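Enquirer: Attaching a single structure in structure tokens format; questions to follow.
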Amino acid sequence: MKLTVEDVTRLFNVSEKTVYRWIKSSGLPAYRISSQYRFNYAELVEWAASHRVNVVAQRAVSDEIPPDDTLPRFMDAFRAGRIHYQIGGSDRQTVLAEIVRLLELPDRMDRNILLQVLIAREEMGSTALGGGIAIPHVRDPIILNISQPLVSLSFLEKPVEFGAIDGEPVHTLFTLVSPTIKTHLHLLSQLSHFLRDPGFHAAILHHASREIILREAERVEVSLHGPSVDAATGD
């Protein structure tokens, strides 16, 4: 999908001046076509997540994005992905290999293919956000044979170089595995919201316990969407 500058202003709730400034100074992905800029929605969401920019108007720019109630809740994917501590590895590749080994994946899924795709994505451009956090993910989720998405949180035993824009090594990784592009973009956008929340972000930076991290995550999700059906009914 090719969006216009006006679409992007609605997507991020910013002025056209800000969009042009981001193109020149912050690497906002854009294509010059007949003296006008055009944008790809998936690339914009990935850029927003890596720069901690809020995506505020998904449906305003794309009829292809389904209503929120047809998309998975972030907490469901987060619980499915689980939280892991003391992940070993001396570099980006060995760390990703250990994370893939620990993921709760269907037996039919080839872990080696997933690892190679994650490595290839990093070679295209680091998914490190700065501040010691990275979000390794598959840019084209359709190649993966899974039915349910997961977001896995991994704390490293020792920080590793990840090519972050601020030069800091990475100590924390959120790994996203999704069955569709729509789900992938939705979860990436949601994670960006979570990381901007002071309480959740502090729990991550301090490598807090699973209980504290999940409690903070539940709080953020309720603030965004209200309680889940199970939480509201007590089931």
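The values are calculated or read from the model by the stated rules, or taken from the named source; none is laboratory data. Quick caveat, the model's predicted, so the values are computed rather than measured. Glycine also receives a Cβ, built like all others from the backbone with ideal geometry; neighbour counts cover every protein chain displayed.
Enquirer: Name the residues in segment 5-15 that are surrounded by 13 or more Cβ atoms within 10 Å (Cβ to Cβ) and either in a helix (DSSP H, G or I) or assigned by TED's automatic domain parsing to the domain that holds Ile165 (or both), would you?
Expert: Of everything in segment 5-15, those that are surrounded by 13 or more Cβ atoms within 10 Å (Cβ to Cβ) and either in a helix (DSSP H, G or I) or assigned by TED's automatic domain parsing to the domain that holds Ile165 (or both) turn out to be Val5, Asp7, Val8, Thr9, Arg10, Leu11, Phe12.
Enquirer: Need the failing condition index for Ile23 against (1) closer than 30 Å to Leu115 by Cβ; (2) at pLDDT 85 or above; (3) outside any loop (DSSP other than H, G, I, E, B), just the number.
Expert: The one condition Ile23 does not meet is (1).
Enquirer: Sticking with this one: Quick one: what pairs do we get from segment 31-44, first residue closer than 17 Å to Lys17 by Cα and assigned by TED's automatic domain parsing to the domain that holds His184, second modelled with pLDDT of 80 or more and acidic (Asp, Glu), C-beta under 9 Å, 6+ apart or different chains?
Expert: Correct list of pairs: empty, since none qualify.
Enquirer: How many of the residues making up segment 204-228 are closer than 21 Å to Thr172 by Cα and part of a loop (DSSP other than H, G, I, E, B)?
Expert: 4
Enquirer: Among the residues of segment 205-221, write down those that are touching a residue at least 40 places away in the same chain (Cβ under 8 Å), closer than 19 Å to Arg73 by Cβ and under 19 Å from the mean Cα position of the chain (by Cα).
Expert: Step one: list which residues in segment 205-221 are touching a residue at least 40 places away in the same chain (Cβ under 8 Å), which gives 205, 207, 210, 213-214, 217-218, 221.
When the remaining residues are screened for being closer than 19 Å to Arg73 by Cβ, the result is 210, 213-214, 217-218, 221.
Answer for segment 205-221, where residues must be touching a residue at least 40 places away in the same chain (Cβ under 8 Å), closer than 19 Å to Arg73 by Cβ and under 19 Å from the mean Cα position of the chain (by Cα): Ile213, Leu214, Ala217, Glu218, Glu221.
Enquirer: Can you tell me which residues in segment 48-82 are assigned to a helix (DSSP H, G or I), at pLDDT 80 or above and surrounded by 18 or more Cβ atoms within 10 Å (Cβ to Cβ)? It would help to see each step written out before you state the result.
Expert: First pass over segment 48-82, keeping only residues assigned to a helix (DSSP H, G or I): 48-51, 58-61, 68-70, 74-81.
Going one step further and asking which of them are at pLDDT 80 or above, we end up with 48, 74-81.
Of everything in segment 48-82, those that are assigned to a helix (DSSP H, G or I), at pLDDT 80 or above and surrounded by 18 or more Cβ atoms within 10 Å (Cβ to Cβ) turn out to be Ala48, Phe74, Met75, Ala77, Phe78, Gly81.
Enquirer: Among the residues of segment 16-29, how many are under 19 Å from the mean Cα position of the chain (by Cα) and either surrounded by fewer than 19 Cβ atoms within 10 Å (Cβ to Cβ) or in the same structural domain as Leu191 (by TED's automatic domain parsing) (or both)?
Expert: From segment 16-29, those under 19 Å from the mean Cα position of the chain (by Cα) are 26-29; that's our starting set.
From what is left, the residues that are either surrounded by fewer than 19 Cβ atoms within 10 Å (Cβ to Cβ) or in the same structural domain as Leu191 (by TED's automatic domain parsing) (or both) are 26-27, 29.
Of the residues in that region, 3 qualify.
Enquirer: So, one more: Just the residues that are surrounded by fewer than 24 Cβ atoms within 10 Å (Cβ to Cβ), polar (S, T, N, Q), closer than 20 Å to Leu205 by Cβ and more than 11 Å from the chain's Cα centre (by Cα), please, taken from segment 147-186.
Expert: Thr172 - this is the single residue of segment 147-186 that is surrounded by fewer than 24 Cβ atoms within 10 Å (Cβ to Cβ), polar (S, T, N, Q), closer than 20 Å to Leu205 by Cβ and more than 11 Å from the chain's Cα centre (by Cα).
Enquirer: Any residue at all in segment 184-199 that's in contact (Cβ under 8 Å) with a residue 60 or more places away in the chain and outside any helix (DSSP H, G or I)?
Expert: no
Enquirer: Checking Ile119 against (1) touching a residue at least 60 places away in the same chain (Cβ under 8 Å); (2) more than 19 Å from Tyr41 (Cα to Cα): exactly one of these is not met. Which one?
Expert: Unmet for Ile119, out of (1) touching a residue at least 60 places away in the same chain (Cβ under 8 Å); (2) more than 19 Å from Tyr41 (Cα to Cα): (1).
Enquirer: A follow-up question, please. Pull up segment 196-227, narrow it to residues that are touching a strand residue (DSSP E or B) at 6+ places or on another chain (Cβ under 7 Å) and within 20 Å of Leu129 (Cα to Cα), then point me to the one that is surrounded by the fewest Cβ atoms within 10 Å (Cβ to Cβ).
Expert: Going residue by residue through segment 196-227, those that are touching a strand residue (DSSP E or B) at 6+ places or on another chain (Cβ under 7 Å) are 204, 207, 210, 213.
Remaining after also requiring within 20 Å of Leu129 (Cα to Cα): 204, 207, 213.
Values: Ile204: 23, His207: 16, Ile213: 19.
Only one residue fits best here, namely His207.
Enquirer: Residues in segment 30-47 that are surrounded by 15 or more Cβ atoms within 10 Å (Cβ to Cβ) and either in contact with a Leu (Cβ under 8 Å, 6 or more places away or on another chain) or among the hydroxyl-bearing types (Ser, Thr, Tyr) (or both): how many?
Expert: 10
Per-residue answers, yes or no, for (1) touching a Pro at 6+ places or on another chain (Cβ under 8 Å); (2) modelled with pLDDT under 90:
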{"position": "Leu105", "(1), (2)": "no, yes"}
{"position": "Met124", "(1), (2)": "no, yes"}
{"position": "Ala134", "(1), (2)": "no, no"}
{"position": "Val138", "(1), (2)": "no, yes"}
{"position": "Ser147", "(1), (2)": "yes, yes"}
{"position": "Leu156", "(1), (2)": "no, no"}
{"position": "Leu173", "(1), (2)": "yes, no"}
{"position": "Ser189", "(1), (2)": "no, yes"}
